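Novice: First the structure, then my questions, so here it is.
Just so it is clear, none of the values below were taken in a lab; they were calculated from the coordinates. Note that this is a predicted model, so its numbers are computed, not measured. Note that we place each Cβ from the backbone using ideal geometry, even for glycine, and neighbour counts take in every protein chain shown.
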Amino acid sequence: MKYLSEYRNPELVKKYLDEIHQSCTKPWMIMEVCGGQTHSIVKNGLLQLLPKEITMVHGPGCPVCVTPMHLIDKAVYLALKEKVILCSFGDMLRVPGSTDSLLEAKSKGADVRILYSPLEAVKLAKDNPDKQVVFFAVGFETTAPANALSVLHAHREGLENYSILASHVLVPPAIDAVMNDDLVKIQGFLAAGHVCTIMGIGEYGPLVEKYQVPIVVTGFEPVDILHGILMVVKQLEKSEHKLENQYARVVRPEGNPEARKVIEEVFEITDREWRGVGNIPLSGYQVKEQYAAFDANKKFSIKMPKVEENPECIAGQVLKGIKKPHECPQFGKGCTPERPLGAPMVSSEGACAAYYHFSKISGQLTEA
Amino acid sequence: MCLAIPGKIKSIETMYDGLVRMAKIQFGGIMKQASLEMVPQAKVGDYVLVHVGVAISIVDEEEAKKSFEYLEQIGEIDELIEHTQTDRNDLPSINSSKSQSADGA
Ligand code: SF4
């Protein structure tokens, strides 16, 4: 999509772009946290339409990308066990572990299945009483209610052969961790709309105050993103920092209380390791003791050795906006979506893959 | 994977002795099941945002249609279609089915 007329709402796109160009007088660095937004920004060519003063940094908001390698190894190990059906969302299959990806495990005979919903995995467990069904439950707050529901449904069914391998991550602690790094120069944030649909916007107020940065809860379509950027730029130009909600047509300030209740029933907050970023305190969910029977970590009590990331992958710096994907020496050479070295090259929502497919910035790569 | 897709509730059934409401939801030409546990007020004919088999909020009809068109245009609906065609393991079977309303609402 290169021409304005190709957007779903070209007049509005043009209006926001004009306003951004008029409002912006200084260089600003803004991070969009959500991988869905990264995908939309790069795919719709928004980077080329924004004033050159604005640098968009693509944050750690792709759950596939930040799932640590030892968890991928654990999923691969489980998948290769006899009588185990390992299920996950499609994006997870090609993520490289230390030796294999789930796709490679599948080619070695493991029963690995791609599902659309964790609730389908419960049905699979019910239909296969002689097998253990494990759902690789990755995701941000948006996905947590579905993964929690699968545990509650399995509990109601009295299933003893269903469990989840939880790798849940949370957005606010990630913003906190990013801002805590002295090398990071981000001045404003677009927060993820669908995450806030569940959690509400209350958690972001303290971050606005702590770091004196504007945070605007934003949707994922080009019009939403440009509107969100405009709202951040207007605040920055006036030296303000406020929490605003661009996506109010979907996001209610209190979020979805029913969804939060389900999350609280099944999960509790824990420290989590983010691939490329490292350990972030209180940044994820784990299954509560009460539902330990559905926690694959406890059920199969596996200890996987910690493994080092490929040292040539600079994913951590990319996810914090210190480097752009095409500044990685491996980008498009040793690392491509077909043969990814690091996780951000795997999912279409990862910054490296988004750049590889759609960006002309590198100059050497044609649009895929 | 974090996108939520808007669709229209065509019918609602219950399972687990009425504890859980499941809906048939239409996304363009595709029909999928989703849990309505997070949207207790949702009724047949409403548009809901669905993320990995769970409706997470009720949305305005106009907005839902526009946003679906956009998702279709950028190819995000393809993933949904792919999974609909390849997986034979549909959502949980509905035991005590008490249909609230039929199609066409
Ligand atoms: S291009 Fe590949 S190697 Fe470089 S940071 Fe991205 S994922 Fe890592």
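Novice: Count charges around A:P340 for me, please; just the other residues with Cβ under 14 Å from its Cβ, Lys/Arg as +1, Asp/Glu as -1.
Specialist: -3
Novice: Next up: Hey, which aspartates and glutamates would be in cross-link range of A:K26, C-alpha to C-alpha under 17 Å, not counting anything within fewer than 8 residues on its own chain?
Specialist: A:D18, A:E53, A:E237, A:E240
Novice: Is it possible to state the helix-based mean residue ellipticity at 222 nm for chain A, with each DSSP H run of 4+ residues giving -39500 (n - 2.57), the sum divided by total residues, to the nearest 500 deg cm²/dmol? What is it?
Specialist: Only helices count here, giving -10500 deg cm²/dmol.
Novice: If you don't mind, another one. Rg and Dmax of region A:20-119, using alpha carbons, in Å: what are they?
Specialist: My reading of the Cα-based Rg and Dmax gives 19.1, 63 Å.
Novice: Starting from the amide H of A:G61, placed 1.01 Å from N in the peptide plane, find each other amide H under 5 Å away whose residue is 5 or more places distant or on another chain.
Specialist: The answer is A:G35.
Novice: Oh, and also: Could you tally the net charge around A:D100, taking each other residue with its Cβ under 14 Å from the Cβ of A:D100, Lys/Arg +1 and Asp/Glu -1?
Specialist: So the environment of A:D100 carries a net charge of +4.
Novice: In Å and on Cα atoms, what radius of gyration and Dmax does region A:315-359 show?
Specialist: Answer for region A:315-359, Rg first and Dmax second: 9.0, 25 Å.
Novice: I would also like to ask the following. When you look at the Cβ of every residue in A:145-152, what mean number of other chain Cβ atoms sits within 10 Å?
Specialist: Mean partner-chain Cβ count within 10 Å for A:145-152: 5.
Novice: Based on other C-beta atoms within 10 Å, arrange A:T218, A:T336 from fewest to most.
Specialist: Lowest to highest Cβ neighbour count: A:T336, A:T218.
Novice: Let me ask something additional. For the pair A:T99 and A:E160, what calculated FRET efficiency results from E = 1/(1 + (r/R0)^6), where r is the Cβ-Cβ distance and R0 = 35 Å, to the nearest 0.05?
Specialist: 0.70
Novice: Still on this structure, I have one more. Most mobile of A:I41, A:I322, A:I198 per a Gaussian network model of chain A (Cα springs, under 10 Å)?
Specialist: For chain A, modelled as a Gaussian network with Cα springs under 10 Å, the answer is A:I322.
Novice: Treat the count of other C-beta atoms within 10 Å as a stand-in for reagent exposure and order A:R275, A:R339, A:R252, A:R94 from fewest to most.
Specialist: Going from sparsest to densest Cβ surroundings: A:R339, A:R252, A:R94, A:R275.
Novice: Based solely on C-alpha atoms, express the radius of gyration and the Dmax of region A:144-282 in angstrom.
Specialist: 17.2, 58
Novice: What is the helix-to-structure angle for A:144-157, meaning the angle in degrees between its Cα long axis and the longest Cα principal axis of chain A, kept from 0 to 90 and rounded to the nearest 10?
Specialist: 20
Novice: Pull up the cross-link candidates among the lysines for B:K65, meaning alpha carbon to alpha carbon under 24 Å and not fewer than 8 places away within one chain.
Specialist: A:K2, A:K14, A:K15, A:K43, B:K8, B:K10, B:K24, B:K32, B:K43
Novice: Between A:H168 and residues 5 or more places away or on another chain, which pairs have amide H atoms under 5 Å apart, with H built 1.01 Å from N, and which residues are they?
Specialist: Distant-sequence amide H within range of A:H168: A:Y285.
Novice: What full-extension length gain, to one decimal in nm, is calculated for A:E338 and A:K303 as 0.36 nm per residue of separation minus the Cα-Cα distance?
Specialist: 9.6 nm
Novice: While we're here: Quick check: the angle from helix A:171-180's long axis to the longest principal axis of chain A, C-alpha only, nearest 10 degrees?
Specialist: 60
Novice: Under 8 Å for C-alpha pairs, at least 6 residues apart: give me the relative contact order for chain A, rounded to a whole percent.
Specialist: About 21 percent, as a whole number.
Novice: Could you tell me the convex hull volume per residue, in Å³, taken over the Cα atoms of the protein assembly as shown?
Specialist: Dividing the Cα hull volume of the protein assembly as shown by its residues yields 135 Å³.
Novice: Among A:N310, A:N161, A:N245, which one moves the most in a GNM of chain A with springs linking Cα atoms closer than 10 Å?
Specialist: The residue that fluctuates most here is A:N310.
Novice: Before anything else, pin down the relative contact order of region A:315-359: Cα pairs under 8 Å, at least 6 apart, normalised by residue count, whole percent.
Specialist: Relative contact order of region A:315-359: 32 percent.
Novice: Distance from the Cα centre of region B:1-79 to that of region A:178-232, in angstrom?
Specialist: With region B:1-79 and region A:178-232 each reduced to a Cα centre, they are spaced 26 Å.
Novice: Using only atoms on other chains, find how many Cβ atoms lie within 10 Å of each Cβ of peptide A:110-121 and report the average.
Specialist: Across A:110-121, the average partner-chain Cβ count within 10 Å equals 5.
Novice: Another question about this same structure. Within a 10 angstrom radius of the beta carbon, how do A:E338, A:E32, A:E19, A:E237 rank from fewest other beta carbons to most?
Specialist: A:E338, A:E237, A:E19, A:E32
Novice: How do A:180-186, A:287-293, A:351-357, A:121-127 rank on mean C-beta neighbours within 10 Å, highest first?
Specialist: Result, highest mean first: A:351-357, A:121-127, A:287-293, A:180-186.
Novice: Have a look at A:V151, B:G45, A:L103 and report the one farthest towards the positive end of the charge dipole of the protein assembly as shown, computed about the Cα centre with Cβ charges (Lys/Arg +1, Asp/Glu -1).
Specialist: Toward the positive end, the furthest listed residue is A:L103.
Novice: Between A:N180 and A:K83, what length in nm is gained on full extension when 0.36 nm per residue of separation is reduced by their alpha carbon distance?
Specialist: Length gained, A:N180 through A:K83: 30.4 nm.
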